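Below you'll find the structure, written out as structure tokens, and then a few comments.
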Amino acid sequence: MSGILSICYLIASVTYIIGLKMLSAPATARRGNGIAAGGMTLAILATIFLYEHDGQRLGNYPWIFTAIVIGTLIGATIAKKVKMTAMPELVSFFNGMGGACAALISLSEFGDLVRQADPASPGLLLPAGVLGRFLVILLGLIIGSTSFAGSMVAWGKLKGKMKDLAFRGQHLMNMVLLVLILGMAGYLLFDMTSGNTYLFYVIFAAALLYGVLFVLPIGGADMPVVISLLNSFTGVAAACGGFLYDNKAMLTGGILVGAAGTLLTILMCRAMNRSLVNVLIGSFGGEKHAAGGPTVAGTYREISLSDAAMVMAYSKKLMIVPGYGLAVAQAQHTCHELEKVLEDRGVEVKYAIHPVAGRMPGHMNVLLAEADVSYDKLLEMEAANEEFKSTDVVLVLGANDVVNPAAKSDPSSPIYGMPILEVELAKTVIVNKRTMKPGYAGIENALFYQPRTSMLFGDAKKVLQDLIAEIKTI
Amino acid sequence: METVIQFFQANIQYLYIVILMIFLGIEVIGRVPSVLHTPLMSGANAIHGVVIIGAIIVMGKAGSTHYVALAIGFIAVVLGTLNVVGGFVVTDRMLEMFKKKK
């Protein structure tokens, strides 16, 4: 029977690889996701019915199925109900659940380990043969807990329930904490007695704390990078389970995600022209106070709704730059409507998509796809920057940092070096924002004070609706 | 030194798997367009939900009166299922919207 189980695991491993491969191309992505899900279902069912522990089939079926049904109901409901704008925090939430799962497995296995050991022996509690097993239990605990706590903080931050918190010496403290965790783990590994098993739980608590402190100072703009990194952490934690149970499906799936997740994290950093170290140590949110920087001052020009409608209606070529403001206002459908109204008047409308617009790479594409915006109207950054020169009007909808010229001109700016959409090349720029408050990265934007720029304040959806109504009357 | 070599010898299969998987993971998503970063992250997130297998084993091998292991296992299975089901469903929802455009 265990032969069939191995074959099931082999098939599952292959589906993960094929799934990831297909997920990397737009045409096959959805099928790839389905294939990986199928492999996962197979692996789970095979484990329940075929896995043998010490020659015994698994028991407690009622409990296992109850737990799976509960998890499925909750998971599917949240995943189906959540708004497309809340996608990043949801990924973070699910990632945290996986991390917690890995940590709990370690907790339970540690309990077994202690129970099996001879309580009468005063010295080393563990026979040398289980050292490897204990090592992966410890690793699974540390990585899983860190990933769980970190993901929960990231989730809270993206939901807006938690603020960035950076204090002096925080990185030093994080370092000390990490060294402490590893030190305790090493000590426990080689010198565990029945008297110091409590250290295991101290490590557990310390790893949770580390996860919190690790994510807390990192600013909102960098959150996608952090989530992606924690995602690969959880992959490694899952792989630890693979070692623990000699389970190839867990091992391959975990390592695959660990490696792919790490690369994805680096790719995301590259899209922002920053290094991973810079993201983690530089802590965007904390730096802005220290840097101070030249404060952008001056006067900005406001444009009335009817003027804006007029300018747009009589332009030849209009480029829309969507940002998180559009997502928050759930204005993607209204935006598509405006596009249609303008096109009926003969205006050429396109979208300029910055790779990190919104709160995650690709976030804007997902939102606009939801609103039925045609795929070929979406220009990637390089293509868009070529076209701005010949564009009459750029309409910036709730985007800020991705159009901030400071990224090109001001070396002291925290976003210096990030490639941006060069909207200032266009003849007219209309910026829709709710207020003059700085954007997610917390820095001022000189674009708003340039002579070609005019501001159109208000909620993106409301403004777009009013614009559509205005344009129709012209 | 002796122990290190022994360790390698005893775990050589695992080491092969781990190293090959690392290269494979990098290779497989090497040329992903930035459009797909979010769905890909979400899909990878669902795949590491495979950790649920461990949770099922913890629960399935626990003695029926061993309540601590049962409780921990139960919570772990629920959380693992959340990761798997939620991850795949949400990825599918994202990609569904791409599909219409093709």
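Determine if region A:265-272 includes at least one residue that is on the phi > 0 side of the Ramachandran plot and in contact (Cβ under 8 Å) with a residue 12 or more places away in the chain. Before you say what the answer is, go through the steps one by one.
As a first pass, look at region A:265-272 and keep what is on the phi > 0 side of the Ramachandran plot: none.
Within region A:265-272, not a single residue is on the phi > 0 side of the Ramachandran plot and in contact (Cβ under 8 Å) with a residue 12 or more places away in the chain.
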Going by the structure shown, is B:Thr91 among the polar types (S, T, N, Q) and more than 7 Å from chain A (Cβ to nearest Cβ)?
no
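Can we say A:Ala25 is small (Gly, Ala, Ser), facing another protein chain (nearest Cβ under 8 Å) and within 30 Å of A:Leu368 (Cβ to Cβ)? Walk me through how you get there before you give the answer.
On the way: small (Gly, Ala, Ser): yes; facing another protein chain (nearest Cβ under 8 Å): yes; within 30 Å of A:Leu368 (Cβ to Cβ): yes.
Yes: the conditions hold for A:Ala25.
Output the residue which, of all residues in region B:28-40 that are farther than 14 Å from A:Gly258 by Cβ and not in a loop (DSSP other than H, G, I, E, B), is nearest to the chain's Cα centre (by Cα).
Step one: filter region B:28-40 for residues farther than 14 Å from A:Gly258 by Cβ, giving B:30-40.
Narrowing further to those that are not in a loop (DSSP other than H, G, I, E, B): B:34-40.
On the way: B:Ser34: 23, B:Val35: 23, B:Leu36: 20, B:His37: 18, B:Thr38: 17, B:Pro39: 16, B:Leu40: 14 Å.
Among those that are farther than 14 Å from A:Gly258 by Cβ and not in a loop (DSSP other than H, G, I, E, B), it is B:Leu40.
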In region A:218-251, what residues are touching a Phe, Trp or Tyr at 6+ places or on another chain (Cβ under 8 Å), part of a loop (DSSP other than H, G, I, E, B) and more than 8 Å from chain B (Cβ to nearest Cβ)?
A:Ile218, A:Gly219
Might you check whether a residue that is more than 7 Å from chain A (Cβ to nearest Cβ), at pLDDT below 95 and assigned to a helix (DSSP H, G or I) occurs anywhere in region B:57-73?
yes
Every residue from region B:80-102 that is at pLDDT 95 or above and over 21 Å from A:Met97 (Cβ atoms)
none
Pairs under 7 Å by beta carbon, first residue in contact (Cβ under 8 Å) with a residue 60 or more places away in the chain in region A:156-178, partner surrounded by fewer than 16 Cβ atoms within 10 Å (Cβ to Cβ) and part of a helix (DSSP H, G or I), six or more apart or different chains?
A:His171/A:Ile281
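Inside region A:6-23, can you point out the residues that are under 10 Å from A:Lys248 (Cβ atoms) and crowded, with 17+ Cβ neighbours inside 10 Å? Steps first, please.
Quick first cut of region A:6-23, residues under 10 Å from A:Lys248 (Cβ atoms) only: A:6, A:9-10, A:12-13.
Within region A:6-23, A:Tyr9, A:Ala12, A:Ser13 meet the criteria.
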Determine which single condition B:His48 fails, assuming it passes every other condition in (1) touching a residue at least 24 places away in the same chain (Cβ under 8 Å); (2) more than 7 Å from chain A (Cβ to nearest Cβ).
(2)
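Look at region A:102-117 and say how many of its residues are among the aliphatic types (A, V, I, L, M), closer than 25 Å to B:Asn83 by Cα and more than 7 Å from chain B (Cβ to nearest Cβ).
Here is the first cut: in region A:102-117, the residues among the aliphatic types (A, V, I, L, M) are A:102-105, A:107, A:113-114, A:117.
Okay, now just the ones that are also closer than 25 Å to B:Asn83 by Cα, so A:102-105, A:107.
Checking the rest, the ones that are also more than 7 Å from chain B (Cβ to nearest Cβ) come to A:103.
Adding up the residues that qualify gives 1.
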Can you find a residue that is β-branched (Val, Ile, Thr), outside any strand (DSSP E or B), under 27 Å from B:Val32 (Cα atoms) and at pLDDT below 90 anywhere in region A:299-317?
no
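Would you call A:Gly59 in contact with a Gly (Cβ under 9 Å, 6 or more places away or on another chain), part of a loop (DSSP other than H, G, I, E, B) and not aromatic (Phe, Trp, Tyr)? Break it down into steps so the answer makes sense when it comes.
Working: in contact with a Gly (Cβ under 9 Å, 6 or more places away or on another chain): yes; part of a loop (DSSP other than H, G, I, E, B): yes; not aromatic (Phe, Trp, Tyr): yes.
Judged against the criteria, A:Gly59 is a match.
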So the check is Cβ under 8 Å with 6+ separation or different chains; which pairs have a first residue in region A:6-20 that's farther than 17 Å from B:Val28 by Cβ and a second one that's of a type outside the set (A, V, I, L, M, F, W, C) and in a helix (DSSP H, G or I)?
A:Ser6/A:Lys248; A:Tyr9/A:Lys248; A:Leu10/A:Lys248; A:Ile11/A:Gly39
How many residues, within region A:329-373, are within 14 Å of chain B (Cβ to nearest Cβ), crowded, with 20+ Cβ neighbours inside 10 Å and outside any helix (DSSP H, G or I)?
13
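I need the full set of residues from region A:83-101 which are at the interface with chain B (Cβ under 7 Å from one of its Cβ atoms) and modelled with pLDDT under 95, in order please.
Of everything in region A:83-101, those that are at the interface with chain B (Cβ under 7 Å from one of its Cβ atoms) and modelled with pLDDT under 95 turn out to be A:Met87, A:Leu90, A:Val91.
Quick one: would you say A:Val402 is in contact (Cβ under 8 Å) with a residue 24 or more places away in the chain, outside any loop (DSSP other than H, G, I, E, B) and within 14 Å of another protein chain (Cβ to nearest Cβ)? Write out each step before concluding.
Details: in contact (Cβ under 8 Å) with a residue 24 or more places away in the chain: yes; outside any loop (DSSP other than H, G, I, E, B): yes; within 14 Å of another protein chain (Cβ to nearest Cβ): yes.
Yes: the conditions hold for A:Val402.
May I ask you to say which residue of B:Val28, B:Val4, B:Val77 is of a type in the set (A, V, I, L, M, F, W, C) and modelled with pLDDT of 90 or more? If you could, list the steps in order and put the result at the bottom.
Details: B:Val28 fails: modelled with pLDDT of 90 or more; B:Val4 fails: modelled with pLDDT of 90 or more.
So the residue among B:Val28, B:Val4, B:Val77 that is of a type in the set (A, V, I, L, M, F, W, C) and modelled with pLDDT of 90 or more is B:Val77.
The values are calculated or read from the model by the stated rules, or taken from the named source; none is laboratory data. Since the model is a prediction, treat every value here as computed from it, not as a measurement. FYI the Cβ positions are ideal-geometry reconstructions off the backbone, even for glycines, and counts take in every protein chain you see.
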